[in-house]
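Inspection log for the structure reproduced underneath, given as structure tokens.
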Amino acid sequence: MRTKVMASALALGLTATAMAAESQVQAELDALKAQVQQQSAELQALRAQNGESWLNQRRAEEIKSLIHEVLSDAETRASLQEGGLTAGWRDHFFLASEDGNFLLRVGGQVQVRYILNATNVVDDDDREHYEGFEMRRTMLSFDGHLFDPKFTYQVSMLMSDQDDLTVAAGFARLQNGWFAYEFADGWQVKAGQFKGPFLRDELVHSSRQLAVERALVTDMFTIDYTQGAQIGYNGELSGTPIRAAVMLHDGSYAANIPAVGPVADTDFAIAGRLELLVAGAWEQFDDYAAWSDDSFGLLIGAAVDYENGEGETFPTTSDLIKWTVDASVELPELSGFNAMAALTGRHLRGREDGVSDDATQFAVLVQAGIFVVPDQVDVFGRWEFINLDGQTIGGVDIADGGDEIHVLTFGANYYFQRHAAKATVDVVWALDGTENLADGFVGGNGLFPTSEDDQLVLRGQFQFLF
């Protein structure tokens, strides 16, 4: 009996609860219906007032904006593709045709340099040292190919500080201006103005050196920029990769000189260089550093240059023959160790109507570097020795300086983005007087031609490329 009473009470309770919940749900539905009816009435009023134009206008504006963006992008792409043009960045800024037959690369180099020469080398007792900043090199370069990848070209301009009496400070002057054509597999002809195929240290670009400036030996023995025509070969000899070039040119330091004029003093000049790639890749010898992604490399080179001059001035217009042999090695696995050694000489032969007496000179250049922080910080050292062999002009000594000159250079590089952004600091110590180096001061090395020993120069430089 008690059980029945309890069951009846539980049933009544559940029924009451269900009825209360149903009543609450019904109230919420009624409120929602009222809200919908109110919004529907407002929508009908807006439609009656604007005829749905407010919604269509907003949607039309969005569609028009989207169409405009699409059409603008399509127009841009069409203008680029009309001639198959592509553009962008790949080591350099470039413009190229889609078929690959035309290419223009734009590049530049800036070197901001500080030099302190701590030796009083002039007749001025009140001045104990010389120092200051200079824009050693500011370059613009344009290169690529035309009509066919086999037809290449380069035009580059240099704006630098005045480094001799013939070059005005800050003026732009032509540096490279040449074209080349690969007429057969590995064979190329090249004509215009460019560096003669001679010294290894000169052929490594100024942006890819270890030291702030090239060696004094290089300044003295180089052909530098000259004008002429060259035939070259890049292939193999008995399974060994080789590069060879022979150039007919206007003489050492003959850039931007007309063929007929008072300074055209070289009758005939020819230079040739041969390189054997014993190990490694050609690209890794475009600089001296041995990066971690390089492989073991060994490069051996030799070159000769003969110049028949008018003999009116010294030394580049004398009859002379120059020669060099060199070797470069890279050991990336040995903390990026790199080394280069070169033995160079020249024989100056006096002429009946000239002013130069005979002299046989030679020089030694040894350089080595190693990374102390992989691919970021390296240190290096360089030793130079020059023997002038009693060089004279018309039987009279050029100066009171000695015939033998030793120069030491020590320094370090910090690579922010490899050569594209790097800082270099070095110290140059000329142990002997340099006054006899009449043709060894092209600029930028910070040294004075002086009979004083122990000339000391501190140099710092920041470089960036684009």
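Each value in this text was obtained by applying a stated rule to the coordinates, not by laboratory testing. What you see is a predicted model; the values in this text were computed from it and never measured. Positions of Cβ are backbone-derived with ideal geometry, glycine not excepted, and every protein chain shown enters the neighbour counts.
By per-residue mean of other Cβ atoms within 10 Å, what is the highest-first order of 425-431, 100-106? Display every interim value, and only then the final one.
Values: 425-431: 19.0, 100-106: 15.7.
Those peptides, ordered most packed to least, come out 425-431, 100-106.
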*Report the extension gain between Val260 and Tyr414 in nm, rounded to one decimal, defined as 0.36 nm multiplied by the number of residues separating them, less their alpha carbon distance.*
50.8 nm
*Could I have the simple spin-label model distance between Leu431 and Phe464, label points 7 Å from Cα toward Cβ, reported in nm to one decimal?*
4.0
*How far apart, in nm, are two points set 7 Å out from the Cα along the Cα-to-Cβ line at Phe133 and at Thr240?*
4.9
*Once both labels are modelled 7 Å past Cα along the beta-carbon direction, what's the Ile231-Asp293 spacing in nm?*
3.8
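Arrange Trp89, Trp178 by Cβ neighbour counts within 10 Å, fewest through most, would you? Please list the in-between numbers first.
Values: Trp89 8, Trp178 19.
Listing Trp89, Trp178 from fewest to most nearby Cβ atoms yields Trp89, Trp178.
Using 1/(1 + (r/R0)^6) with R0 = 25 angstrom and r between the beta carbons of Met159 and Ala423, what's the FRET efficiency to the nearest 0.05? Write out the running numbers ahead of the final one.
Numbers: r = 22 Å, r/R0 = 0.86.
In this case the efficiency is close to 0.70.
When only DSSP loop residues count, what chymotrypsin sites (Phe, Trp or Tyr not before Pro) in the stretch 205-313 have their Cβ near at most 15 other Cβ atoms within 10 Å?
Values: sites: Phe221, Tyr225, Tyr233, Tyr253, Phe268, Trp282, Phe285, Tyr288, Trp291, Phe296, Tyr306; in loops: Tyr253, Tyr288, Trp291, Phe296.
Sparse-neighbourhood loop chymotrypsin sites (Phe, Trp or Tyr not before Pro): Phe296.
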*Where in the stretch 195-272 are there GluC sites (Glu not before Pro) that are in a DSSP coil and have at most 16 other Cβ atoms within 10 angstrom of their Cβ?*
none
